[in-house]
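Visitor: Have a look at the structure that comes next, please.
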Amino acid sequence: MNDILEYDVYVDIDKNDIHLITYLLEGEAHLMSVRNRQENGFLKIIVPKDNLDDALKLIRSVKEEAIKMEVIKVEPHNGIV
């Protein structure tokens, strides 16, 4: 059985804001892991399955308050960091 343990959340964000968003999102311990900008230009964030709803709420709240960004897609983690 192939249980999903983590999800990849791809966010469209200006490259100049990545440093700030990393501090803001990783400030909540063990909620998510901000990785790096992918070849497609989106920022990849790895989120444990049990934290997905909370992580998306936090991303949306930061978006509304401070930084222009958009969640582009959420998919099961592919094992690649």
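Visitor: Would you please name the trypsin sites (Lys or Arg not before Pro) within the chain that are DSSP coil residues with at most 11 other C-beta atoms within 10 Å of their C-beta?
Guide: Hits after loop and neighbour filter: LYS68.
Visitor: Residue by residue, what Karplus-based ³J(HN,Hα) values in Hz, rounded to whole numbers, does the range 45-52 have, using 6.51, -1.76 and 1.60 with θ = phi - 60° and x for Gly and Pro?
Guide: The phi angles translate into 10, 9, 10, x, 4, 6, 10, 4 Hz.
Visitor: Now, a different point. With label points built 7 Å along Cα→Cβ from the Cα atoms of LYS68 and LEU5, find their separation and express it in nm.
Guide: Going from the LYS68 label point to the LEU5 one covers 3.9 nm.
Visitor: Rounded to the nearest 500 deg cm²/dmol, what is the calculated helix-only ellipticity per residue at 222 nm for the chain, with -39500 (n - 2.57) per DSSP H run of length n ≥ 4?
Guide: My calculation for the chain gives -8500 deg cm²/dmol from helical runs alone.
Visitor: Report the residue, chosen from ASN16, ASN51, ASN36, that carries the largest GNM mean-square fluctuation when the chain is represented by alpha-carbon nodes joined by springs under 10 Å.
Guide: Ranking ASN16, ASN51, ASN36 by mean-square fluctuation puts ASN16 first.
Visitor: On to the next question. Once you treat every alpha carbon in the chain as an equal point and sum by Debye, what is log10 I(q)/I(0) at q = 0.13 Å⁻¹?
Guide: Values returned for q = 0.13 Å⁻¹ are -0.35.
Visitor: Kindly write out, for the range 54-62 in residue order, the coupling ³J(HN,Hα) from the Karplus curve 6.51 cos²θ - 1.76 cosθ + 1.60 (θ = phi - 60°), rounded to whole Hz, with x marking Gly and Pro.
Guide: So the Karplus estimates, Gly and Pro as x, are 5, 5, 5, 4, 5, 4, 5, 5, 5 Hz.
Visitor: Oh, and also: List the longest stretch of the chain that has no exposed loop site; here a site is one of the GluC sites (Glu not before Pro) assigned by DSSP to anything other than H, G, I, E or B, with at most 14 other Cβ within 10 Å.
Guide: Longest site-free region, per DSSP loop and neighbour criteria: 40-81.
Visitor: Determine the gain in length on full extension of the stretch ASP53-GLU39; use 0.36 nm per residue of separation and subtract their C-alpha separation, reporting nm with one decimal.
Guide: 2.5 nm
Visitor: As an exercise, identify the chymotrypsin sites (Phe, Trp or Tyr not before Pro) in the range 1-48 lying in DSSP coil whose Cβ has no more than 15 other Cβ atoms within 10 Å.
Guide: none
We did not get these values from a lab; they are worked out from the coordinates using the rules stated. If you're wondering where the values come from, they're calculated on a predicted model, not measured in any experiment. A quick note on method: Cβ atoms are made from the backbone with ideal geometry, for glycine too, and the neighbour counts reach across all protein chains shown.
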